[in-house]
Ligand code: V4E
């Protein structure tokens, strides 16, 4: 699937307002990005992680986009390894995980679905921390589509939903990991900026 998503800063008043609208569920998510594979891939805007132990890969679909407006296709299972063109990695077999870990993000995720103008919009409210002392709170509205032709219409629906909710989306649309890298891995962030993948 293709994820069309826009983020916003999750301040308590917005969280309270959104949670009045729907029944929500809460889960714990741990994302591990390892130094040996994730770093090189990130420099080509591909993002490989283990989420609660399962491998996931995000690859941009709208090449030639402006920064912050990228839309990503998500892979898991066999298609992920096919996309990367490598054999499945065995994290157990790699080096000491504490040395190999590039980022570990622990998130309490509250989510629910809103029906808006005929579309199902996934609402995700993330409160994230890492052992490095990093903390952030990010909200996200997301519509899943199956073809690139549907991306523009989904983007317009999200824009209208932001207006309807009277919530401003983040101009740079930055998620947890980019915020973490900027704050806790500044040297690597410089390399992402040089590669045109993040803004200074
Ligand atoms: C860094 C990055 C990606 C990795 C995933 O980032 P994160 O926001 O932490 O994930 P999350 O929890 O929202 O994933 P979900 O649960 O929705 O699957 S994917 C793309 N990027 C790159 C990137 C970029 N270059 N610039 C900006 C503004 N954002 C992201």
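Each reported figure results from applying straightforward, stated rules to the coordinates on display, with no laboratory input. Remember, predicted model here, so these are calculated numbers, not experimental data. Using ideal geometry, Cβ is built from the backbone for each residue, glycine included, and neighbour counts are taken over all protein chains shown.
Brief remarks follow.
- Region 124-200, relative contact order [Cα under 8 Å, separation at least 6], %: 22 percent
- Treating r as the C-beta distance of residue 82 and residue 160 and R0 as 41 Å, the FRET efficiency rounds to 0.65.
- Note on residue 108/residue 40: beta-carbon distance plugged into 1/(1 + (r/R0)^6) with R0 of 30 Å gives a FRET efficiency of 0.50.
- Debye-sum result for the chain in log10 I(q)/I(0), which assumes one identical scatterer on each alpha carbon, at q = 0.14, 0.19 Å⁻¹: -0.88, -1.60
- Across the chain, C-alpha contacts under 8 Å between residues 6 or more apart give a mean separation that, scaled by the residue count, equals a relative contact order of 30 percent.
- All C-alpha pair distances within region 1-58, sorted into 10 Å bins from zero, spread as 17, 33, 33, 16, 1 percent across the bins.
- Averaging the Cα positions of each part gives two centres, and for region 128-199 and region 6-39 these lie 11 Å apart.
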